[in-house]
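Visitor: This is the structure I want to talk about, given as structure tokens.
The values are calculated or read from the model by the stated rules, or taken from the named source; none is laboratory data. Computed from a predicted structure; not experimentally measured. Neighbour counts are summed over all protein chains in view; Cβ atoms, including those assigned to glycine, are modelled from backbone coordinates with ideal geometry. To get the accessible areas, we keep the full protein, side chains included, count just its heavy atoms, and leave off ligands, DNA and RNA. Shrake-Rupley method; radii C 1.70, N 1.55, O 1.52, S 1.80 Å.
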Amino acid sequence: MIKKIEHIGIAVKSIQHSNELFKKLFGKEHYKVEAVASEGVSTSFFMLGETKIELLEATNMDSAIAKFIEKKGEGIHHIAYEVDDIYAEMERLKTEGFEVLNKEPKQGADNKLIFFLHPKSTNGVLVELCQERKD
Ligand code: CMX
């Protein structure tokens, strides 16, 4: 079951610059910075009530974020939904005909297991499904 929006991912050119910008917008600091080498990104997170904003900067030119910014510029990159059973949701969404981009859930930022749905199968919005790791 999909429970709520866990975070919204925003592609930025410079985490350092955008941390300052979002600090002014929200009136508070980000609570963590984390590199995810497997995705070629550096991330930072702001907590807003129950939802988070994730800023994403590319750390190499092959990264999905580098390609996205080159094509579309900075902006909303994905919406992440929290699920209660990520393996069951992956099977359910495959059965429903969505294009699942990962063979199985993988390690993402902020202690999460994650997988993605291709934006072509979700009205042009890249969808991330995530679940907090319990181990
Ligand atoms: N949102 C909406 N559309 C997007 C998109 C995004 N974030 N990224 C790419 N697209 C669009 C492109 O504009 C293009 O559209 P057109 O065909 O109309 O020109 C189309 O998707 C391209 O699709 P593609 O050729 O299959 O693939 P790309 O090489 O552009 O990769 C995608 C797109 C979504 C498959 C790839 O970025 C991906 O696998 N993403 C999942 C992983 C990821 O995004 N990691 C970074 C975040 C990690 C984190 O949150 O920690």
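Visitor: If you take the residues in the stretch 99-124 that are open to solvent by less than 60 Å² (accessible area, probe 1.4 Å), of a type in the set (A, V, I, L, M) and out of contact with any Gly (no Cβ under 6 Å at 6 or more places or on another chain), which one is nearest to LYS32 (Cα to Cα)?
Guide: Among them, the one singled out is ALA109.
Visitor: Out of the stretch 9-36, which residues are open to solvent by 20 Å² or more (accessible area, probe 1.4 Å) and within 11 Å of the ligand (Cβ to nearest atom)?
Guide: Matches in the stretch 9-36: ILE10, GLU34, ALA35.
Visitor: Something else now. Tell me which residues, restricted to the stretch 11-28, are outside any helix (DSSP H, G or I) and without any contact (Cβ under 8 Å) to a residue 12 or more places away in the chain.
Guide: If the condition is that a residue be outside any helix (DSSP H, G or I) and without any contact (Cβ under 8 Å) to a residue 12 or more places away in the chain, then GLY27 is the only one that fits.
Visitor: Then there is this: Just need a number here: residues in the stretch 1-10 that are more than 16 Å from HIS30 (Cα to Cα) and either in a strand (DSSP E or B) or within 11 Å of the chain's Cα centre (by Cα) (or both).
Guide: The number of residues fulfilling the criteria is 4.
Visitor: Sort out which residues of the stretch 69-98 are within 9 Å of the ligand (Cβ to nearest atom) and open to solvent by 30 Å² or more (accessible area, probe 1.4 Å), and write them in order of number.
Guide: Those that are within 9 Å of the ligand (Cβ to nearest atom) and open to solvent by 30 Å² or more (accessible area, probe 1.4 Å): LYS71, LYS72, ILE76.
Visitor: Quick one: how many residues across the stretch 38-68 are within 11 Å of the ligand (Cβ to nearest atom), open to solvent by 70 Å² or more (accessible area, probe 1.4 Å), touching a residue at least 12 places away in the same chain (Cβ under 8 Å) and of a type outside the set (Ser, Thr, Tyr)?
Guide: Qualifying residue count, the stretch 38-68: 1.
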